[in-house]
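The values are calculated or read from the model by the stated rules, or taken from the named source; none is laboratory data. Source: prediction; values computed, not measured. So basically every Cβ, Gly included, is an ideal-geometry build from the backbone, and we count neighbours across all protein chains shown.
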Amino acid sequence: MANNYINPLIIQRADPYIYKHTDGYYYFTASVPAYNLIEIRRAKTINGLAHAMPRTVWRKHDQGEMSQLIWAPEIHYINNKWYIYFAATDTTEFDELGMFTHRMYCIACDNDDPMVGEEVWHEKGQIVTDKDTFSLDATTFTHNDKLYYVWAQKDKGIKGNSNLYIAEMSNPWTLKTQPVMLSKPEFDWETKIFSVNEGPAVLKRNGKIFITFSGSATDENYAMGMLWIDDSEDVLDADKWHKLDHAIFQSDMDNGLYGPGHNSFTVAEDGETDLLVYHVRNYLDIKGDPLYDPNRHTMVQPFTWNRDGFPEFGKPVPFSFD
């Protein structure tokens, strides 16, 4: 399948999220290298996002909660209103487990146009779960007229940094049901250096609900895995979900594309072609903590489906300027 998109689409934007709205615009948000604010940009085409002017809609607090390391914003349109989910903390220091101390938060827009600016966005506060532990990378989806929240969180009783959970929501910033664990790091591909399940993304096609997610350290070991469930089943029943034992999208060492992951999904301008959105690096020699290396770039490429109705992502596409 031809890839006619600029790649990297946007440089130095990790954890990318692209949403195509009913107004015909694509809306984009991602982690900025300074981890200090949330910005969105929009365009009528995917390639147009590369040149669109970003608009800051929220800035980190000067101190206290939401004052440090603003990670992985996602923009969603729920019940005719705009919301952005993100993770933040009050310190760059690690806790007693040697981990960051992020919690999940939500802001909402009071205007039909989310691009107006900071004055139309207000805080809904922390998304509270059943555990007061490291949590991040929230996304939402609707199924059978119910709203669900999927995220990554640490359980002190389970080895590793984070597992994947799901719960039904009573509104876009409040959980209604007890969280259900869908996945924990257990296979070789998701336990390299760090045991991680994070960055869930939901795709509904062919009578199934797919959740892709990322695992292992955020260097060349970073890769994507997948869960799925038949859409006739109860999504809150962990036993109904299936998990692949291998990565479905990973580094292309031959072509110098490293650590693809933290993906999202959107649809092409034709309204039919499915697109994979993710970040990747083009070098291995990272100085210091990979988290603080700014050169994870936003990529976009189409993908296909096999005869069994499962997505086939292939390999990361080469950089256009290489």
(request) Report yes if E168 is in contact (Cβ under 8 Å) with a residue 24 or more places away in the chain and within 23 Å of E312 (Cα to Cα), otherwise no. (result) no
(message) Can you go through N295, N263 and tell me which one is part of a strand (DSSP E or B), within 21 Å of A50 (Cβ to Cβ) and not aromatic (F, W, Y)?
(response) N263
(message) With the requirement that a residue be of a type in the set (G, A, S) and either part of a loop (DSSP other than H, G, I, E, B) or closer than 16 Å to K131 by Cα (or both), what does the range 163-190 give you?
(response) A167
(request) Could you please find all residues in the range 47-105 being touching a His at 6+ places or on another chain (Cβ under 9 Å), over 22 Å from R296 (Cβ atoms) and assigned to a strand (DSSP E or B)? (result) Y77, W82, Y83
(request) Kindly list, by first and then second residue, each pair from a residue in the range 108-122 that is surrounded by fewer than 18 Cβ atoms within 10 Å (Cβ to Cβ) to a residue that is part of a loop (DSSP other than H, G, I, E, B) and of a type in the set (S, T, N, Q), limited to pairs with Cβ atoms under 7 Å and residues at least 6 apart or on different chains. (result) V120/N111
(request) Look through D245, D234, D230, D239 and report the one residue that is in contact with a strand residue (DSSP E or B) (Cβ under 7 Å, 6 or more places away or on another chain), loosely packed, with under 14 Cβ neighbours inside 10 Å and modelled with pLDDT of 95 or more. (result) D230
(request) Could you list all residues from the range 160-171 that are surrounded by fewer than 20 Cβ atoms within 10 Å (Cβ to Cβ), of a type outside the set (G, A, S) and in contact with a Lys or Arg (Cβ under 8 Å, 6 or more places away or on another chain)? (result) E168, M169
(request) Please tell me if M115 is assigned to a strand (DSSP E or B) and within 19 Å of N80 (Cα to Cα). (result) no
(message) Considering only the range 269-290, I want to know if a residue exists there that is surrounded by fewer than 21 Cβ atoms within 10 Å (Cβ to Cβ), modelled with pLDDT under 95 and of a type in the set (K, R).
(response) yes
